[in-house]
Ligand SMILES: Nc1ncnc2c1ncn2[C@@H]1O[C@H](COP(=O)(O)OP(=O)(O)O)[C@@H](O)[C@H]1O
Ligand SMILES: [Mg+2]
């Protein structure tokens, strides 16, 4: 009886803790947003100050030249005072001192602007640091809340008994991915759309005065909207390529690798087999992500010339082989290091993804010969359900 009450109490307390943390998280998100806005403002102000400095420097140059000229003139009239009237000399003297004052004030202005610039640059650095710190805290808090809410249990359930650490890592990877997406949207389309709104406003005002000019602005606006749309599509595609459903796994991997090869100037040879049993959508995404991550590592680390990718299908399993002829690496040592240091999730993510589906992964790598990654995955989760 008393046990029952205790558990209820604990549940209540937990619920309260979770809701408090959730609230704090929202406040933190507000802080991140404010810090981002602050950062934007500072950036704009800095660019204004920079162009102000350019202008003043031009002014100082012009005045320096003028100062030289009026001083020469003054020297000349003073030397030949016999041929010049007293008025000429006074005028030359006045002109010289007027320029001198202007020059001094321009110099002073340049100095002040530069001090302001340095201060702004420092604030900007601090703002960036603040955003990063706040994002980091949000990140940690999100993981903590998810964990407390028990969502972790389902993650662990799916992997089997690999333990909590793996579940937390998966959550962390998800959170990283979310953060990357939010940044992509913030830096790309969100900013473009904001500028489109401003431009539309401008367009409206111009059109009232000059229809042709308004139309020209409108066409620029359309271009910008198109660009934003393209970026949004890019992000959506990154999240989950729709072609996985429309075109299937083979063609999506082929298209992706061909684009990748072209962009990075690497020869990629792709061979795909015939799909025997329909592949479960979640497995398709896993294969696609694995190819993406493996190719990213190849581009980043391997220094290779050729890559070969092979996809073979059986009735129950599929096999993905990715081979490069690059510099290779010590797999064991690297994995040990990555597990200890928590610095990167690329390779560990690959292992986690494969283990999540009870697949198998083997990496053979030889220094200066290259790396071969062989992955075996079930075509659907039913296959390995009772293993
Ligand atoms: N194809 C490859 N060729 C050479 N080295 C590789 C390759 N793939 C991975 N590595 C090595 O494994 C390390 C860990 O990879 P990863 O976990 O993806 O981290 P990151 O790519 O962020 O450095 C890399 O830093 C690199 O040294
Ligand atoms: Mg990597």
Calculated from DSSP H runs of 4 or more alone, at -39500 (n - 2.57) each and per residue, what is the 222 nm mean residue ellipticity of the chain, nearest 500?
-25500 deg cm²/dmol
Against the longest alpha carbon principal axis of the chain, how many degrees, from 0 to 90 and to the nearest 10, is the axis of helix 164-185 turned?
40
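Hey, any idea what Rg/Rh is for the chain, computing Rh the Kirkwood way over Cα pairs? Walk me through the intermediate numbers first.
On the way: Rg = 32.5 Å, Rh = 27.4 Å.
In the chain, Rg relative to Rh is 1.19.
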In degrees rounded to 10, the 0-90 angle between helix 191-209 Cα long axis and the longest Cα principal axis of the chain is 50
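When a/c reaches 1.5 or more, the comparison of a/b and b/c decides; with that in mind, is the range 1-138 rounded, prolate or oblate per its Cα gyration tensor? Walk me through the intermediate numbers first.
Numbers: a/c = 8.80, a/b = 6.97, b/c = 1.26.
It is prolate, given that a/c is not under 1.5 and a/b is the larger ratio.
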Taking 183-194, 318-329 and ranking on average Cβ neighbours within 10 Å, highest first, one gets 318-329, 183-194
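Do you know the relative contact order of the chain, to the nearest whole percent, from alpha carbon pairs under 8 angstrom that are 6+ apart?
11
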If I take the Cα coordinates of the range 313-382 and project them onto the principal axes, what are the three extents in Å, biggest first?
36, 28, 14
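Tell me whether the range 187-239 comes out rounded, prolate or oblate; compute the Cα gyration tensor, take square roots of the eigenvalues as a ≥ b ≥ c, and use a/c under 1.5 as the rounded threshold.
prolate
Is the range 243-378 rounded, prolate or oblate when judged by the Cα gyration tensor, a ≥ b ≥ c being the square roots of its eigenvalues, rounded requiring a/c under 1.5 and prolate requiring a/b larger than b/c? Spell out each step's value before the answer.
Working: a/c = 1.82, a/b = 1.27, b/c = 1.43.
It is oblate, given that a/c is not under 1.5 and a/b is not larger than b/c.
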How far is helix 211-239 tilted off the main Cα axis of the chain, in degrees rounded to 10, range 0 to 90?
30
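The numbers here are math on the coordinates, done by the rules we state, and not lab data. If you're wondering where the values come from, they're calculated on a predicted model, not measured in any experiment. Neighbour counts run over all protein chains shown; Cβ positions are idealised from the backbone, glycine included.
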